[in-house]
Amino acid sequence: MQISLKINGKTHSHDVEPRISLAQYLRETLSLTGTHIGCDTSGCGACTVHVDGAATKACTLLAVQVDGCEIKTIEGMANGNEMHPIQEAFKENHGLQCGFCTPGMVMTAADILKNNPNPTEEEIRHGLEGNFCRCTGYHNIVKSIQHAAETLNS
Amino acid sequence: MIPAKFDYIKASSVSEAIGLLDKHGDEAKLLSGGHSLIPAMKLRLSRPEILIDISGISGMNSITEDGNEIVIGANCTHAAICNSDLINSDLNILAQTAKCIGDIQVRNRGTIGGSLAHADPAADYPAVVLACDANIVVEGKNGSRTIAATDFFLGIFTTSIAEDEIITTIRFPKVANGNYQKFFQSASRFAVVGVAVVKEGSGVKVGVTGVAGTPYRATAVENAYSGNSDAASHAIEGVEDELMSDHFADTTYRAHLAKVYVKKALEA
Ligand SMILES: Cc1cc2nc3c(=O)[nH]c(=O)nc-3n(C[C@H](O)[C@H](O)[C@H](O)COP(=O)(O)OP(=O)(O)OC[C@H]3O[C@@H](n4cnc5c(N)ncnc54)[C@H](O)[C@@H]3O)c2cc1C
Ligand code: FES
Ligand code: FES
């Protein structure tokens, strides 16, 4: 089936099989491998991207479902060589170790901060319910998001 | 995991979706948010030949006021319900419930119509539609009909929607005094036990999910209610033989949790 969607500002058109997930389409057809597939069963959040501005698990979404939508992936967060303030905050606050969960964490963090620019620590932790990290113990991820909020609000 | 092959059709109207359901029978399935159906298709628990995507049908995602009722389009996402001013003010119990479904990403995509149609025994909305006496409006090839919440759930993953029918809206009476209490399954965030209580005058209506295979109105609690939470001891009366059991909660623990959560909801 023919689909056409805008990904990180650029329009892409492809003929895709209906059963291909958005996550697979991004990784395998477009080589946008920043979107990770951890569980492929909607549990871990590593595949989180924005669909029309809302954080969504791309492993549980068919590419055909988002025909005509605007998608943002981790590759679309930086502005050229300048990291997005959330990415910068993860780097500064040691918000990642192996980095596998990080693209999903950053995309979810962006959704949290868009809807709630001044979240409490508890609100951040609740906001991350759909994102697993096997390394950090979450503390530095929460700290990173708190620092990103400060930068974005300043 | 990749689901088995299927054809995909984006329906642009309710009548087109009904026509496709009628034509393809049990080979076809409606697709809304996909957050129950796609995981089931990946696991081959569901193998439709044709998916009819109804998510783009205009008018199916509105939230409006109609006299003393709030009318919610089946395609409204959990996030839209959390964020609706109308629901937060006049049907707060539903906003409370939507806020505790899954996580941000699930709430951005999953819909109330999909959740009700799926009838997962651990889903949250069933308790609330029961306690609120909501009506589920479905449309099929023979026109539209309204199903009372108490007649809607027939069993695990089973409802009274016919094969050619589609949920179009859910009609809730406005509720001034209601609350939802949930014991979360710690990994999936589904309800191990979920209890919705609506207080009206000196009476109370109690909906329970997660406990029995079919969500139920705890009528024994309602009948015994006398203004305090003593009636919670009746929480599982009538469903003693239908209690669910899994590695998170066996029947004894579930029965205990049901009483504790009915008590919490009566006291809230
Ligand atoms: C990680 C995760 C966590 C979750 N946690 C929770 C939780 O805590 N509590 C909870 O209640 N749920 C939870 N869910 C389920 C979630 O709420 C789903 O969104 C919901 O159950 C189904 O809605 P959907 O729009 O995604 O439906 P779909 O998956 O698109 O469809 C589900 C079923 O409903 C049918 N259907 C869809 N729309 C209609 C309609 N209008 N008329 C008739 N039939 C229709 C479909 O044919 C299908 O059989 C979770 C899901 C995931 C993936
Ligand atoms: S890969 Fe999508 S949620 Fe884990
Ligand atoms: S940094 Fe390794 S999984 Fe999160």
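Table for the structure above
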{"quantity": "Where a residue in segment B:52-73 is within 14 Å of another protein chain (Cβ to nearest Cβ) and its partner, wherever it lies, is within 16 Å of ligand 2 (Cβ to nearest atom) and at pLDDT 95 or above, with Cβ under 9 Å and at least six apart", "calculated": "B:Asp53/A:Leu62; B:Asp53/A:Gln65; B:Asp53/B:Gly34; B:Ser55/A:Gln65; B:Ser55/B:Gly33; B:Ser55/B:Gly34"}
{"quantity": "Candidate set from segment B:62-98 (those that are surrounded by fewer than 17 Cβ atoms within 10 Å (Cβ to Cβ) and assigned to a helix (DSSP H, G or I)); member that is nearest to ligand 1 (Cβ to nearest atom)", "calculated": "B:Asn83"}
{"quantity": "Segment B:104-117, residues that are within 12 Å of chain A (Cβ to nearest Cβ) and open to solvent by 10 Å² or more (accessible area, probe 1.4 Å)", "calculated": "B:Ile104, B:Val106, B:Arg107, B:Asn108, B:Arg109"}
{"quantity": "Answer from B:Ser245, B:Ser229, B:Ser188, B:Ser233 - the residue that is small (Gly, Ala, Ser) and modelled with pLDDT under 95", "calculated": "B:Ser188"}
{"quantity": "Search result, residues across segment B:21-47 that are open to solvent by less than 30 Å² (accessible area, probe 1.4 Å), in a loop (DSSP other than H, G, I, E, B) and within 11 Å of another protein chain (Cβ to nearest Cβ)", "calculated": "B:Ser32, B:Gly33, B:Gly34"}
{"quantity": "Whichever residue in segment A:19-40 is open to solvent by less than 20 Å² (accessible area, probe 1.4 Å) and within 16 Å of ligand 1 (Cβ to nearest atom) and, among such residues, is nearest to the other protein chains (Cβ to nearest Cβ)", "calculated": "A:Ser21"}
{"quantity": "Qualifying residue in segment A:70-82 (condition: more than 16 Å from ligand 2 (Cβ to nearest atom), modelled with pLDDT of 95 or more and of a type in the set (A, V, I, L, M))", "calculated": "yes"}
{"quantity": "Test for B:Lys99: is it over 23 Å from B:Glu163 (Cβ atoms), within 16 Å of ligand 2 (Cβ to nearest atom) and at pLDDT 95 or above", "calculated": "no"}
{"quantity": "Residue match in segment B:255-268 (condition: at pLDDT below 95, surrounded by fewer than 20 Cβ atoms within 10 Å (Cβ to Cβ) and farther than 24 Å from B:Ala98 by Cα)", "calculated": "no"}
{"quantity": "Residue ID - nearest to the other protein chains (Cβ to nearest Cβ), chosen from residues in segment A:65-100 that are open to solvent by 70 Å² or more (accessible area, probe 1.4 Å) and within 16 Å of ligand 3 (Cβ to nearest atom)", "calculated": "A:Phe100"}
{"quantity": "Qualifying strands (runs of 3 or more DSSP E) (wholly inside segment B:131-213; at least 1 residues being open to solvent by 40 Å² or more (accessible area, probe 1.4 Å))", "calculated": "B:135-140, B:143-148, B:153-155, B:166-173, B:178-184, B:191-200"}
{"quantity": "Condition met for B:Gly213 (touching a Cys at 6+ places or on another chain (Cβ under 9 Å), away from chain A (no Cβ under 14 Å) and not basic (Lys, Arg))", "calculated": "no"}
{"quantity": "A:Phe100 vs. criteria in contact with a His (Cβ under 8 Å, 6 or more places away or on another chain), part of a loop (DSSP other than H, G, I, E, B) and within 21 Å of A:His36 (Cα to Cα)", "calculated": "yes"}
{"quantity": "In segment A:73-107, the residues that are touching a residue at least 60 places away in the same chain (Cβ under 8 Å) and in contact with a Leu (Cβ under 6 Å, 6 or more places away or on another chain)", "calculated": "A:Thr73, A:Glu75, A:Pro85"}
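The values are calculated or read from the model by the stated rules, or taken from the named source; none is laboratory data. Keep in mind it's a predicted model, so treat the numbers as computed, not measured. Here Cβ is always computed from backbone atoms with ideal geometry, including for glycine, and neighbour counts include all displayed protein chains. To get the accessible areas, we keep the full protein, side chains included, count just its heavy atoms, and leave off ligands, DNA and RNA. Shrake-Rupley method; radii C 1.70, N 1.55, O 1.52, S 1.80 Å.
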